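Asker: Dropping the structure in here first, questions after.
The values are calculated or read from the model by the stated rules, or taken from the named source; none is laboratory data. Everything quoted here is computed from the prediction, not taken from an experiment. No Cβ is skipped: glycine too gets one built from the backbone with ideal geometry, and neighbour counts run over all protein chains shown. For the accessible areas, the whole protein counts, side chains as well, though only heavy atoms, and no ligand, DNA or RNA atoms are used. Shrake-Rupley method; radii C 1.70, N 1.55, O 1.52, S 1.80 Å.
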Amino acid sequence: MPMTSRTDPPFTPADAAAMRDALALAQRSVGLSDPNPRVGCVIAAADGRILGRGHTQAAGAAHAEVMALADAASQGAEVRGATAYVSLEPCSHHGRTPPCCDALIGAGVKRVVVAVEDPNPLVAGQGIARLRAAGIEVAVGLQGDAARELNIGFFTRMTRGRPWVRMKAAISLDGRTALADGQSQWITGSAARTDGHAWRKRAGAVLTGVGTVRDDDPRLDVRLVETARQPQRVIVDSKLDTPATARILDAPGHALIYAATPAAERAAALRARGAEIVVLPDADARVDLRALLADLAARGINELHIEAGSKLNGAFVREDLIDEWLVYVAPRLLGAGRDLANFGPLASLADAVALRFCSALRIGDDLRLLLRKAGDAPP
């Protein structure tokens, strides 16, 4: 198991500042590096001068450590004897790229400060062990919680075998996601919608149900913020009722549709539009949501962002599959309308889904709430 809670003191104020810089660099990998983790690296001389900076690029391209070494080389800086600050343990295995620990060893750095160990079983402390075996001083645990949080989806996929599941909703003050006839555009303002696209950008996949596809004809892409990569579009559609004309099928790449029945004729029409169909029925002839999450994890999806209607939201709630709630609350009352999640009546208040507030932030005229299950520890 990775030693995610371990801290190797002492860390100086200069160490802390350099790691904050590395974490800020890692943030630039959001919407770029998936399925790889978001990692930043800063290389500093003994006198504190910054010699090189880098962050992980798209899958198959350079990792943060290699980018930082290249940045130093481009400036003619000598990194031998320097300290490298890395927001995640340098990898020790050959994947699409060579091991980053070997790059640091070859460069002759004297010390490596690691925010948190890599939960990937192919690494899991082996990168640190190889650095130490090469005579490099390694300190672990500086700002590890922040580094883990930035990669919460990657940690979840590695330790639980499924993505981190985030459910997003825009609601009125009285908890409605739409009018009784389904009208929902727009409950919240433009600032909240832009912020929602920034959260889509974080995700490896954005999921909705066939009901939302039919009612709203969404694209579910990232348009309101810049991104280097569009998330995978996912539809839960037990009977393959997705219209072949749906806009979600138009974007570059392919939509992934999970069904409970082969429905050969409808499947052929959707495949002709470029959709990939995966049939995963449960015992009730609905899509098996746990199997769906396992399949997405096998495809390298770290964070799953759900934007669906009350029926599918309720199914995820009943299965206890939601890790995080992203809720935008508009200061308006809609009266009778559609609920956030329809998961059936409870026998008592003791059966309520208990959540805890993680943050509350004003976004334009609306309020953004971030909640997680009460008592849950991060992966």
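Asker: For region 229-247, indicate whether the set of residues that are in contact with a Pro (Cβ under 6 Å, 6 or more places away or on another chain) and polar (S, T, N, Q) is non-empty.
Answerer: no
Asker: Please enumerate the residues belonging to region 288-314 that are open to solvent by less than 20 Å² (accessible area, probe 1.4 Å) and in a helix (DSSP H, G or I).
Answerer: Within region 288-314, Leu289, Leu292, Leu293, Leu296, Ala297, Asn313, Gly314 meet the criteria.
Asker: Of these, Arg318, Arg356, which one is of a type in the set (Lys, Arg), over 23 Å from Asp288 (Cα atoms) and open to solvent by 50 Å² or more (accessible area, probe 1.4 Å)?
Answerer: Going through Arg318, Arg356 in turn, just one is of a type in the set (Lys, Arg), over 23 Å from Asp288 (Cα atoms) and open to solvent by 50 Å² or more (accessible area, probe 1.4 Å): Arg356.
Asker: Another question about this same structure. Among the residues of region 214-233, what is the count of those that are open to solvent by 50 Å² or more (accessible area, probe 1.4 Å), more than 21 Å from Arg38 (Cα to Cα) and in contact (Cβ under 8 Å) with a residue 60 or more places away in the chain?
Answerer: Total meeting the criteria: 1.
Asker: Give the residues of region 278-287 that are part of a loop (DSSP other than H, G, I, E, B) and in contact with a Ser or Thr (Cβ under 9 Å, 6 or more places away or on another chain), sorted by residue number. Spell out the reasoning first.
Answerer: Step one: of region 278-287, the residues part of a loop (DSSP other than H, G, I, E, B) are 280, 282-286.
Within region 278-287, Ala285, Arg286 meet the criteria.
Asker: So, in region 152-176, exactly how many residues are assigned to a loop (DSSP other than H, G, I, E, B) and under 10 Å from the mean Cα position of the chain (by Cα)?
Answerer: Count: 1.
Asker: Among the residues of region 19-34, which ones are out of contact with any helix residue (DSSP H, G or I) (no Cβ under 8 Å at 6 or more places or on another chain) and open to solvent by 10 Å² or more (accessible area, probe 1.4 Å)?
Answerer: Arg20, Asp21, Ala24, Arg28, Leu32, Asp34
Residues are listed down the side, and each one gets a yes or a no for (1) under 23 Å from the mean Cα position of the chain (by Cα); (2) open to solvent by less than 30 Å² (accessible area, probe 1.4 Å):
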{"position": "Gly182", "(1), (2)": "no, yes"}
{"position": "Gly196", "(1), (2)": "yes, yes"}
{"position": "Ala203", "(1), (2)": "yes, yes"}
{"position": "Val236", "(1), (2)": "yes, yes"}
{"position": "Asp250", "(1), (2)": "no, no"}
{"position": "Ala268", "(1), (2)": "no, no"}
{"position": "Val279", "(1), (2)": "no, no"}
{"position": "Asp284", "(1), (2)": "no, no"}
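Asker: Let me ask something else about it. Quick one: Asp215 ticks every box in (1) at pLDDT 95 or above; (2) farther than 21 Å from Gly153 by Cα; (3) acidic (Asp, Glu) except a single one, so which number is it?
Answerer: For Asp215, the failing item is (1).
Asker: Being of a type outside the set (A, V, I, L, M, F, W, C) and more than 17 Å from Met167 (Cα to Cα) is the filter here, so list the residues in region 361-379 that pass it. Spell out how you get there, then give the answer.
Answerer: Within region 361-379, the first condition is being of a type outside the set (A, V, I, L, M, F, W, C), and the residues that meet it are 362, 364-366, 368, 372-373, 375-376, 378-379.
Those that are of a type outside the set (A, V, I, L, M, F, W, C) and more than 17 Å from Met167 (Cα to Cα): Arg362, Gly364, Asp365, Asp366, Gly375, Pro379.
Asker: I would also like to ask the following. List, please: which pairs have Cβ atoms under 8 Å, are six or more places apart or on different chains, and start with a residue in region 101-116 that is touching a residue at least 60 places away in the same chain (Cβ under 8 Å) and within 26 Å of Asp145 (Cβ to Cβ) and end with one that is among the charged types (D, E, K, R) and in a loop (DSSP other than H, G, I, E, B)?
Answerer: Listed by first residue and then by second, the contacts come to Val109/Arg80; Val116/Glu89.
Asker: Suppose we keep only residues that are modelled with pLDDT of 95 or more and in a loop (DSSP other than H, G, I, E, B) within region 320-330. Which one would you say is farthest from Asp365 (Cα to Cα)?
Answerer: Per the criteria, the residue is Leu321.
Asker: If you check every pair at least six apart or on different chains, which have Cβ atoms under 8 Å apart with a residue in region 180-199 that is charged (D, E, K, R) first and a residue that is at pLDDT 90 or above and in a loop (DSSP other than H, G, I, E, B) second?
Answerer: Arg193/Leu224
Asker: Taking the stated definitions as given, is Arg338 at pLDDT below 95, crowded, with 19+ Cβ neighbours inside 10 Å and within 22 Å of Asp181 (Cβ to Cβ)?
Answerer: yes
Asker: Taking the condition in a loop (DSSP other than H, G, I, E, B) and of a type in the set (Asp, Glu), does Glu149 pass?
Answerer: So Glu149 does not fit the description; no.
Asker: Quick one: how many residues across region 170-180 are open to solvent by less than 10 Å² (accessible area, probe 1.4 Å) and either under 21 Å from Val234 (Cα atoms) or of a type in the set (Lys, Arg) (or both)?
Answerer: Of the residues in that region, 0 qualify.
Asker: Scanning for something over 23 Å from Pro35 (Cβ atoms), open to solvent by less than 20 Å² (accessible area, probe 1.4 Å) and touching a Phe, Trp or Tyr at 6+ places or on another chain (Cβ under 6 Å), does region 109-117 turn up at least one residue?
Answerer: yes
Asker: Within region 35-50, restricting attention to residues that are surrounded by fewer than 22 Cβ atoms within 10 Å (Cβ to Cβ) and among the aliphatic types (A, V, I, L, M), which residue is nearest to the chain's Cα centre (by Cα)?
Answerer: By that ranking, first place goes to Ile50.
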